[in-house]
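Notes for the one structure printed next.
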Amino acid sequence: MRVTYLLPYPELNGGNKVIFQHAALLGEAGHEVTLLADGPRPDWTAIPGRYVDLGGSFELPRQDLVIATYWTTLRRARELGLGPLAHFCQGYEGALDHLDAQLPEIEEVYSWRLPTLTVSPHLGEFLASRFGRVSRTTPPPLDARFHPDQRTAPAAEPWIAVPGIFESEVKGIRTALAAVAMLRAEGLACRLLRFSILPLSDDESGVLAADEYLHHVAPERVADALRACDLLLLPSRAGEGFGLPLLEAMASGVPAVASRIPSTETMGDGAVALVGEGDAAAMAAAARRLLASPTAWREARERGLERADRYRPENVAPTLEEAVRWAAGRAAEAERAALTVSRPRPYIARSTEGIAMELNVDPAALRAQYQSASPFPHIVIDNLFPDGLLEAVLAGFPGPGDIPWQQFESATEKKLGWVHSAPLPRDLKDFLVEMNAPRVLQFLEALTGIEGLIPDPYYGGAGPHQIVRGGFLKVHADFNWHPLLKLDRRLNLLVYLNKDWEEQYGGHLELWDTAMTRAERKILPVFNRTVVFSTTDFSYHGHPHPLACPEGRTRKSVSFYYYSNGRPESERSAPHDTIFKKTHEAEW
């Protein structure tokens, strides 16, 4: 097979090491492997197969499988269009604190139903429950540079290794440094080895100085230094995808103490001392027991070596090759299905004025994703409509002073809504009509599983909306009953029309959990992005933060509400108006 991995910048880090190791195993099995990355050919590793710097020009034949890696490479891989697409996930980036601002974009690409390879089973379980993805586990192979020397006991002044980036919360380095400080305070003359891809910071130096700090050194140097250590501390938090240094320590015959998190339970339970996440005292106590007893130290060393054998290349290679073949088959099948769905044209509505509206996805294929979404059933679909259609809608979208908008001005909402007597341009008016047509209703029924959807000919609360700088709509649950039609409100569909909308402008649609403790999803309102969600008494949503777009720009959307005659008993309640909820006590 022709297999291509797409990387971000090819710097020396654990994630990139694993990608190159996998590529090498596939090359040894006879596959034609290419590595694409945004940067020059790295000098820290051997390159299996062909390496291409995306900054230059290149030509590749069609690939049997393209494997995107870090979340930012998923969209790039689609744009390149080199072949069927899969994803290699080494950790869910949405769990990383420093990527909070990118969470909506991360969740968007993770919502793509791609066949996925994961380094640990717990990641596959998470992706299945959160995003409806199917996956196979492809763990890292052992690096032959990490091997044991001949030792039977720890040194009198033991070296303790602590790997990872101090500034990355998921690595939990402060916990390990606190544990080392406790050991020293108790009289243990231990020495500290730190290694990281980043240089030593003043913040870390102020917490605890390392006796040796290795920054961005070759893997051979790390392997030699780790082999000379007596203990490794891995204090990672639950967002850690695998924890490669733990495997490298076990392979080096170095006992370890680690946080009890899903990845370490899979890799090291029974061979590694596991303690509570963030518990420095428990980590120090476990380290003390190992370093104080040569017998306990030797037993832990042997258990680690035995466990590490499972990851020998000859054991990982067959699993990897089978998983890649599986992913290639699934991805090719999905690609063929997408082409079949788009031809002949599905779900086309056509107005008497000649506007053609093609809905560019297969709704039935997305139903499971919609129904299992958290915090309530919803989906985000980019490019659902032809760009040309929405370009025409946007071109005639009335500005704040063009028509008599209904002005909402209160502590809970500051926005402009459509007054139904206000005139609208033809393209926008036709769009409103077509979104109530039978084919659109059938599309939504296939997507959501809600049968018998009924549109609102009065467009009560729906239609074009606009929010100026400083505007907002606090988190709320929508009204649940149409007083004229005597029907239950079941579904919202929002179409955003904001070109070149930047993250710092805000206006994210936030979806909050039932207990109103946090926004589980934040969706940037960019052009041709459609959001569909079920409306119940607990589908809390809104954009509570004042809009920060430049003066003269506005947040534009068109909304549609759909109803049914009755609803599930579990969702039934007395008719009510909009219910606003505070995200914090002093909000209004």
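The values are calculated or read from the model by the stated rules, or taken from the named source; none is laboratory data. These figures come from a predicted structure and were not determined experimentally. No Cβ is skipped: glycine too gets one built from the backbone with ideal geometry, and neighbour counts run over all protein chains shown.
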Seminar exercise, completed: Asp203 vs (1) over 24 Å from Arg303 (Cβ atoms); (2) charged (D, E, K, R); (3) not in a helix (DSSP H, G or I): all pass except (3)
Problem set entry | Qualifying residue in the range 59-78 (condition: buried (at least 22 other Cβ atoms within 10 Å of the Cβ) and more than 21 Å from Gly124 (Cβ to Cβ)) | no
Problem set entry | From the options Gly542, Gly566, residue that is within 27 Å of the chain's Cα centre (by Cα) and either under 23 Å from Phe397 (Cα atoms) or not in a strand (DSSP E or B) (or both) | Gly542
For this session: Taking Lys415 as the residue in question, decide whether it is without any contact (Cβ under 8 Å) to a residue 12 or more places away in the chain and either assigned by TED's automatic domain parsing to the domain that holds Val558 or assigned to a helix (DSSP H, G or I) (or both).
Result: no
Seminar exercise, completed: If we ask which residues in the range 500-512 are in a loop (DSSP other than H, G, I, E, B) and of a type in the set (D, E, K, R), their number turns out to be 2
Exercise. Under the condition of being among the basic types (Lys, Arg) and out of contact with any strand residue (DSSP E or B) (no Cβ under 7 Å at 6 or more places or on another chain), which residue from the range 166-196 is surrounded by the most Cβ atoms within 10 Å (Cβ to Cβ)?
Worked result: Lys171
For this session: Search the range 546-557 for residues being within 27 Å of the chain's Cα centre (by Cα) and either modelled with pLDDT under 95 or outside any loop (DSSP other than H, G, I, E, B) (or both), and hand back the single one that is surrounded by the most Cβ atoms within 10 Å (Cβ to Cβ).
Result: Arg555
Problem set entry | Tally of residues being without any contact (Cβ under 8 Å) to a residue 60 or more places away in the chain, assigned to a loop (DSSP other than H, G, I, E, B) and out of contact with any Gly (no Cβ under 8 Å at 6 or more places or on another chain) across the range 4-30 | 1
For this session: Give the residues of the range 379-412 that are among the β-branched types (Val, Ile, Thr) and in a loop (DSSP other than H, G, I, E, B), sorted by residue number.
Result: Ile403, Thr412
Exercise. Could we say that Gly91 is within 12 Å of the chain's Cα centre (by Cα), farther than 21 Å from Glu503 by Cα, outside the structural domain of Ala238 (by TED's automatic domain parsing) and not acidic (Asp, Glu) here?
Worked result: yes
For this session: Quick one: which helices (runs of 4 or more DSSP H) lie wholly within the range 237-316 and hold at least 1 residues that are under 27 Å from the mean Cα position of the chain (by Cα)?
Result: 244-251, 262-268
For this session: Please work out which residue is surrounded by the fewest Cβ atoms within 10 Å (Cβ to Cβ), limiting yourself to the range 141-165 and to residues that are in contact with a Ser or Thr (Cβ under 6 Å, 6 or more places away or on another chain) and at pLDDT 95 or above.
Result: Pro148
Exercise. Would you call Asn436 over 16 Å from Phe533 (Cα atoms) and more than 29 Å from the chain's Cα centre (by Cα)?
Worked result: yes
Problem set entry | Yes/no for Asp537 being assigned to a loop (DSSP other than H, G, I, E, B), closer than 21 Å to Glu445 by Cα and outside the structural domain of Tyr110 (by TED's automatic domain parsing) | yes
Seminar exercise, completed: Taking the range 453-471 and keeping residues closer than 16 Å to Gly507 by Cα and assigned to a loop (DSSP other than H, G, I, E, B) leaves Val468, Arg469, Gly470, Gly471
Problem set entry | Subset of the range 122-173 [under 28 Å from Ala292 (Cβ atoms) and among the aliphatic types (A, V, I, L, M)] | Ala153, Ala155, Ala156, Ile160, Ala161, Val162, Ile173
Seminar exercise, completed: Considering residues that are assigned to a strand (DSSP E or B) and at positive phi, the number found within the range 479-499 is 0
